[in-house]
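Down below is the structure, laid out as structure tokens.
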Amino acid sequence: NAGVTQTPKFRILKIGQSMTLQCTQDMNHNYMYWYRQDPGMGLKLIYYSVGAGITDKGEVPNGYNVSRSTTEDFPLRLELAAPSQTSVYFCASRREALDYGYTFGSGTRLTVV
Amino acid sequence: AQTVTQSQPEMSVQEAETVTLSCTYDTSENNYYLFWYKQPPSRQMILVIRQEAYKQQNATENRFSVNFQKAAKSFSLKISDSQLGDTAMYFCAFMKRVGNAGNMLTFGGGTRLMVKP
């Protein structure tokens, strides 16, 4: 099993550009999450999904959008990149609501210049 | 809302010695999980150890153990016989234990641990 796969691993964007961070899991997990990690800080939740077709905002959703058309995929969209979105982005998944076992991807390092 | 505080931004320890990382949290919940995650330079988030709040016994995983003080809302991580491969960022995290998929992990700011040869 590949677990949680994120692409790309690194990206540099110019201010105002848009991009999609891809996240795929092959564990048939219902719940998926996007976190961001700013330098020297812990992770903060951006968006989450409880299943295909259902998404909800986390702690820091502004400037981002998500979709969940399949169980496997949970892409994160940045429409108008800003320097404040320079961060490392982690996708995570878990099997069910009471399952504490989060599986994290290896992250995408995004720099907005 | 929950908060998690790690008061030690950086720590160092000699190889083979013992080190303790501190974590305090604030919550009004009674049922919850606490975690320690390790993040090496590879960026991968690796679960080190977990503790269910309803269990009084402190969790242990090989060289890693916790000191869970529920009344004091303290959750420290002890690493025994430190190894060079333990060098990493360590994050303390909290999660409510209810049937809600929005139960996100709330992370502390991290402690950077350096194990010296």
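General observations
- Residue within region B:61-72 that is under 24 Å from residue A:96 (Cβ atoms), in a strand (DSSP E or B) and facing another protein chain (nearest Cβ under 8 Å) present: no
- Residues (among the basic types (Lys, Arg), within 15 Å of the chain's Cα centre (by Cα) and in a loop (DSSP other than H, G, I, E, B)) located in region A:1-47: A:9
- Selection count, region B:26-57, where residues are more than 10 Å from every other protein chain (Cβ to nearest Cβ), closer than 14 Å to residue B:88 by Cβ and assigned to a loop (DSSP other than H, G, I, E, B): 2
- Exclusive hit being out of contact with any helix residue (DSSP H, G or I) (no Cβ under 8 Å at 6 or more places or on another chain) and either closer than 24 Å to residue B:107 by Cβ or surrounded by fewer than 16 Cβ atoms within 10 Å (Cβ to Cβ) (or both), set A:7, A:71: A:7
- Every residue from region A:76-92 that is buried (at least 17 other Cβ atoms within 10 Å of the Cβ) and within 10 Å of the chain's Cα centre (by Cα): A:76, A:88, A:89, A:90, A:91, A:92
- Residue selected from region A:41-68 under the condition closer than 19 Å to residue B:45 by Cα and touching a Pro at 6+ places or on another chain (Cβ under 8 Å), by the criterion surrounded by the most Cβ atoms within 10 Å (Cβ to Cβ): A:46
- Residue that is farthest from the other protein chains (Cβ to nearest Cβ), among those in region B:90-116 that are more than 18 Å from residue B:25 (Cβ to Cβ) and either modelled with pLDDT of 95 or more or assigned to a strand (DSSP E or B) (or both): B:116
- Candidates A:40, A:63, A:107: the one that is touching a residue at least 12 places away in the same chain (Cβ under 8 Å) and over 20 Å from residue A:5 (Cα atoms) is A:63.
- The numbered conditions (1) within 16 Å of residue A:78 (Cα to Cα); (2) small (Gly, Ala, Ser); (3) surrounded by 14 or more Cβ atoms within 10 Å (Cβ to Cβ) are all true for residue A:18 except (3).
- For beta carbons closer than 7 Å, sequence separation of 6+ or different chains, a first residue in region B:85-96 that is farther than 18 Å from residue A:40 by Cα and a second that is aromatic (Phe, Trp, Tyr), the qualifying pairs are B:94/B:25; B:94/B:32; B:95/A:100; B:95/B:32; B:95/B:33; B:96/B:32.
- Scan of region B:1-42 for residues that are more than 18 Å from residue B:70 (Cβ to Cβ), out of contact with any Ser or Thr (no Cβ under 8 Å at 6 or more places or on another chain) and among the polar types (S, T, N, Q), ordered by number: B:12, B:39
- Among the residues of region B:10-22, none qualifies, meaning not one is within 11 Å of chain A (Cβ to nearest Cβ), assigned to a loop (DSSP other than H, G, I, E, B) and buried (at least 16 other Cβ atoms within 10 Å of the Cβ).
The values are calculated or read from the model by the stated rules, or taken from the named source; none is laboratory data. It should be emphasised that the depicted structure is a prediction, and the values quoted were computed from it without experimental measurement. Note that each Cβ is placed from the backbone with ideal geometry, even for glycine, and that neighbours are counted across all protein chains shown.
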